[in-house]
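Please read the structure below before turning to the comments.
Every number here is computed from the coordinates shown, using simple stated rules; none is lab data. The shown structure was predicted, so the numbers you read here are calculated from the model rather than taken from an experiment. Note: ideal-geometry Cβ built from the backbone for every residue, glycine included; neighbour counts use all protein chains shown.
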Ligand code: SF4
Ligand code: SF4
């Protein structure tokens, strides 16, 4: 399929409501998933013959299962407060990218089939049938929503378009019209253990190479342990951290922090993925399948703490759902969930974010830094959507905004925030979240990045910002691709722990290898 020509948005001085361009983002949507990727997830391999019937039934199931979806569908008063809050509308000017219009694609069908007025007076209440045209619109426009939740911050009723988008994608999968990018990745994650399909020997080699590289550079044997039974901490990090730039520099930073703390830690070859795309396609069952690998790894390795690396939606899944999905945190009631709850050390947050861990060590003066190592940088921080609007850190109000900034200010002298309306709870999405980080969606990714790029351009002009920090693997990958489109250096995006790594003063002696070489034996749940 030839890529469509499009203009890169011009960055304005201020974000303004664009003039409407009806239909400008119409199209076929991202590549569709084939049988090969649909069937392993339990979805039909192609669009089923009675797809309308299946879709309506699935909608009914979802509205009963997720009370929030029904409340969101019933409570919109069309006040318009959300219309100019979506980065994809601001960047594309397609009115169907206004959050309320996106919701209405789903709501109009819900009204037709599940409300009295919609059944008997459809025209009066904007109720519509789910026909081929509507299904195509669902597929296209629900894959132009990164499920960032920015619109919900401005809605007086708190209506969360992300949940409607997840529900729509769940219906699409049920009728056999799934998205290739997400479903292909999920297949690898639940069978091999990571999104890349990286088997244990390849992962082990990668980590050994990393150890050699760091020892050559610093003269210190920082270890990246894999499958070490009895380690205190199990680190679950996005697989991008194992090989891709700039992610791997963050992994180097985590290792240096663990080394300086002197704690025993490990990663798992069985659960070598923090990302969980089950959330993007709205499937609790698939999200659970992916998360259960983490539970098994934690039980097998007999760790007492579970920690999450720099990944936005991984932290949301861990923070908000792991308790009931896995037993990391209170909530699970099944045998293995209860066993894990008993195994984990209740003196620590379960799960804990790597930023919380590093921040705590800084507070307790356990890490030393030479901040001047980052003096060639002027740094700003991009709040990643899932961290900002769906989680917390440190157990204090707004901790998810405070802790990362305090870590950055502890390791560099030049820090400046972007404009207030574009950060913290109002942060603009990078443009690639929610399962959109695929080249077949490059147009919407670039257009959707416009508001974040605009705020970045302002601090570049005014304060000389040349370094953008993010604690999300998707944000880092997306920025690496879109920064040059807006005349920025693609290498200006870095991990928070890269800056930690550059400033940390390594004082601890070398690790004793013999203590960390016991490889986990296979056990089964
Ligand atoms: S959740 Fe984010 S991407 Fe989706 S409609 Fe709302 S603002 Fe736009
Ligand atoms: S802000 Fe909320 S109530 Fe108002 S139009 Fe948007 S979704 Fe509906």
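Per-residue ellipticity at 222 nm, computed for the chain from helices alone with -39500 (n - 2.57) per DSSP H run of at least four residues, works out to -13000 deg cm²/dmol. Over the C-alpha trace of the range 79-199, radius of gyration and Dmax come out as 16.4, 57 angstrom.
In the calculated pair-distance distribution of the range 421-470, the portion above 14 angstrom amounts to 57 percent of the Cα-Cα pairs.
Computed from the C-alpha gyration tensor, the three semi-axes of the ellipsoid equivalent to the range 166-324 are 30, 16, 13 Å, from longest to shortest.
Over the range 1-49, the ratio between the Cα radius of gyration and 2.2 N^0.38 Å evaluates to 1.87.
Stokes-Einstein, applied to the Kirkwood radius of the range 1-99 over Cα pairs at a viscosity of 0.890 mPa s and 25 °C, places its translational diffusion at 141 µm² s⁻¹. Derived from the Cα gyration tensor, the three semi-axes of the equivalent ellipsoid of the chain are 39, 28, 20 Å, largest first. Label zone of residue 372 (point 7 Å out along Cα→Cβ, amide N under 17 Å): in the range 396-418 this covers 411-414.
Take the range 160-257, drop everything but the C-alpha atoms, weight them equally and run the Debye formula without solvent; then report log10 I(q)/I(0) at 0.14, 0.24 Å⁻¹ to two decimals. Summing over Cα pairs of the range 160-257 leads to -0.69, -1.31. Our compactness index for the range 254-294, the C-alpha radius of gyration over the empirical 2.2 N^0.38 Å, is 1.57. If you count the DSSP beta bridges with both ends in the chain, what percent of them are antiparallel, to the nearest 5? Around 15 percent of the beta bridges assigned by DSSP in the chain are antiparallel ones. In this rough spin-label picture, where each label sits 7 Å from Cα along the Cβ direction, the residue 57-residue 81 distance is 3.9 nm. Across the chain, C-alpha contacts under 8 Å between residues 6 or more apart give a mean separation that, scaled by the residue count, equals a relative contact order of 18 percent. Fully extending the segment from residue 439 to residue 489, taken as 0.36 nm per residue of separation minus the present Cα-Cα distance, adds 16.0 nm. If you take the alpha carbon atoms of the range 451-490 and fit the smallest convex hull around them, that volume is 65 Å³ per residue.
Kirkwood hydrodynamic radius computed over the range 85-130 comes to 11.2 Å, based on all pairs of distinct alpha carbons. Mind sorting 294, 185 by how few other Cβ atoms lie within 10 Å of their own Cβ, fewest first? Taking fewest neighbouring Cβ atoms as first place, the list is 185, 294. Pairs of C-alpha atoms in the range 324-391 farther apart than 13 Å represent 76 percent of all such pairs.
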